Amino acid sequence: MEKRIFNFSAGPCTLPEEVMLEAQEDFYSYKGQGLSVMEMSHRSKTYDEIITSAEKDIRTLLNISDEYEVLFLQGGATLQFSMVPLNLMPPANKADYIVTGAWAKKSVVEAKRVGEVNIAATSADTNFNYIPKEYNLTPDASYVHYTSNNTIFGTEFKSEPEVGNVPLVCDASSNILCRPIDVNKYGLIYAGAQKNMGPAGCALVVVKKSLLERSPEDLHTYMNYNIHAKNASMYNTPATYTIYIMGLVYKWLLKNGGLKAMEEVNEAKAKLLYDAIDNSGGYYKGASAVEDRSLMNVTFNLPSEELEKKFIAEAGAKDFSGLKGHRSVGGVRASIYNAFPTKGVEALVEFMSTFKTNN
Ligand SMILES: Cc1ncc(COP(=O)(O)O)c(C=O)c1O
């Protein structure tokens, strides 16, 4: 099959076409070496160059200083729900959580196994369709945890919550690298790879070195950030192929102007879709508060569930896949991550207009 569909999936999701083609070229024999990256020892010189350059490039993209460790860990973002409290909550064993969606709720479940959790703010009252603007923070909390983009509900923080001197911890799984951020504002940032960075199988963790003193000595080995930092993410076999693709994605971003340029593209793509929703005379209704709308996951409803089903079915027949909203909220969700092409958004906007006229 030669053609590519428009894949609006929330993750794993569309990856840059150039990256896919480069990986295809090197799949069978990496740079003519006679073996695939998949088949290569993680201790080999070639693989060392791959992971070292991935780290160098993510440091450049996010402007990460030497005060931070960069780790590539397995277990996805979900393992970070546990690793964060296990490493950073002691010795005070209390943390603040801002709960803006299903993933934040899951992170709270794990944090409660370690210590006291204060819900500093939540938008659960309206099924997470907005971002709370005020927080009830604990001054001596070990950290404040928040989710920068809520993949399921289509809301995002437009800037970091103000938390004073308490370390800020962010689950940035679904909007990392969508725009520049100031890493110095954070104690720790983590993100699963499978949206803006590559295939599933790896979480990127950027953690301030000074926080690593908190990890208890008796923590299980894999759970301890210090072990991974001391071993440059090579304590055990890392997700070698995923990290290789992440490295290609980082190079693709650098080549295309970095995160500032990416932000401009993302703003323009999201505007196309939100304008189509807002100019539909109420036929399409945005599911989240206008000021908190996500650049990555555009959620909306049609006048009835029946029409939503019809919309998704007809869209599928036109090779727009992955538009069904998450099972917990329904409706339509168009995930338009960094690598999703503008022409796909334009095609969806046109389809929305035709569908409205016909229905
Ligand atoms: C914001 C957010 N956090 C965490 C996760 C869980 O990630 P993983 O499947 O890598 O554990 C997801 C997955 O979609 C997510 O969107």
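Just a few scattered comments:
- Among the residues making up region 329-343, a single one is surrounded by fewer than 18 Cβ atoms within 10 Å (Cβ to Cβ) and under 19 Å from the mean Cα position of the chain (by Cα): PRO341.
- If you filter region 154-184 down to residues that are touching a residue at least 24 places away in the same chain (Cβ under 8 Å) and among the hydroxyl-bearing types (Ser, Thr, Tyr), you find that the one that is farthest from the ligand (Cβ to nearest atom) is THR155.
- Set THR60, THR14: member being within 18 Å of ASN338 (Cβ to Cβ), at pLDDT 95 or above and part of a loop (DSSP other than H, G, I, E, B): THR14
- Residue within region 205-216 that is away from the ligand (no atom under 16 Å from the Cβ), more than 13 Å from the chain's Cα centre (by Cα) and either under 29 Å from ALA334 (Cβ atoms) or in a loop (DSSP other than H, G, I, E, B) (or both) present: yes
- Boolean, LEU88 is aliphatic (A, V, I, L, M), within 16 Å of the ligand (Cβ to nearest atom) and touching a helix residue (DSSP H, G or I) at 6+ places or on another chain (Cβ under 9 Å): no
- Residue that is surrounded by the fewest Cβ atoms within 10 Å (Cβ to Cβ) [pool: residues in region 194-231 that are free of Cβ contacts under 8 Å to residues at least 60 places away in the same chain and of a type in the set (A, V, I, L, M)]: ILE227
- Comparison of ALA276, ALA268 shows that the only residue that is over 20 Å from the mean Cα position of the chain (by Cα), of a type outside the set (Val, Ile, Thr) and assigned to a helix (DSSP H, G or I) is ALA276.
- Check on ILE119, free of Cβ contacts under 8 Å to residues at least 40 places away in the same chain and in the same structural domain as ASN224 (by TED's automatic domain parsing): yes
- Against the numbered list (1) under 30 Å from VAL290 (Cβ atoms); (2) in contact with an Asp or Glu (Cβ under 6 Å, 6 or more places away or on another chain), TYR250 comes up short only at (1).
- Residue in region 68-76 that is in a helix (DSSP H, G or I) and without any contact (Cβ under 8 Å) to a residue 60 or more places away in the chain present: no
- From the list GLU263, GLU308, GLU291, the lone residue that is in contact with a Pro (Cβ under 8 Å, 6 or more places away or on another chain) and surrounded by fewer than 21 Cβ atoms within 10 Å (Cβ to Cβ) is GLU263.
- Check on PHE81, part of a helix (DSSP H, G or I) and either among the hydrophobic types (A, V, I, L, M, F, W, C) or buried (at least 19 other Cβ atoms within 10 Å of the Cβ) (or both): yes
- Residue check, THR242 touching a Pro at 6+ places or on another chain (Cβ under 8 Å) and hydroxyl-bearing (Ser, Thr, Tyr): yes
- Residue match in region 313-324 (condition: part of a loop (DSSP other than H, G, I, E, B), in contact (Cβ under 8 Å) with a residue 60 or more places away in the chain and within 20 Å of the chain's Cα centre (by Cα)): yes
- Of the residues making up region 91-127, those that are among the aliphatic types (A, V, I, L, M), crowded, with 17+ Cβ neighbours inside 10 Å and away from the ligand (no atom under 16 Å from the Cβ) are ALA95, VAL114, VAL117, ALA120, ALA121.
- Subset tally (residues that are out of contact with any helix residue (DSSP H, G or I) (no Cβ under 9 Å at 6 or more places or on another chain) and within 16 Å of the ligand (Cβ to nearest atom)) for region 128-153: 2
- In region 61-77, the residues that are surrounded by fewer than 22 Cβ atoms within 10 Å (Cβ to Cβ) and in contact with a Gly (Cβ under 8 Å, 6 or more places away or on another chain): LEU61, GLN74, GLY76
The values are calculated or read from the model by the stated rules, or taken from the named source; none is laboratory data. Note that the structure is a prediction, hence the values are computed from the model and not measured. All Cβ positions, glycine included, derive from the backbone under ideal geometry; neighbour counts span all protein chains shown.
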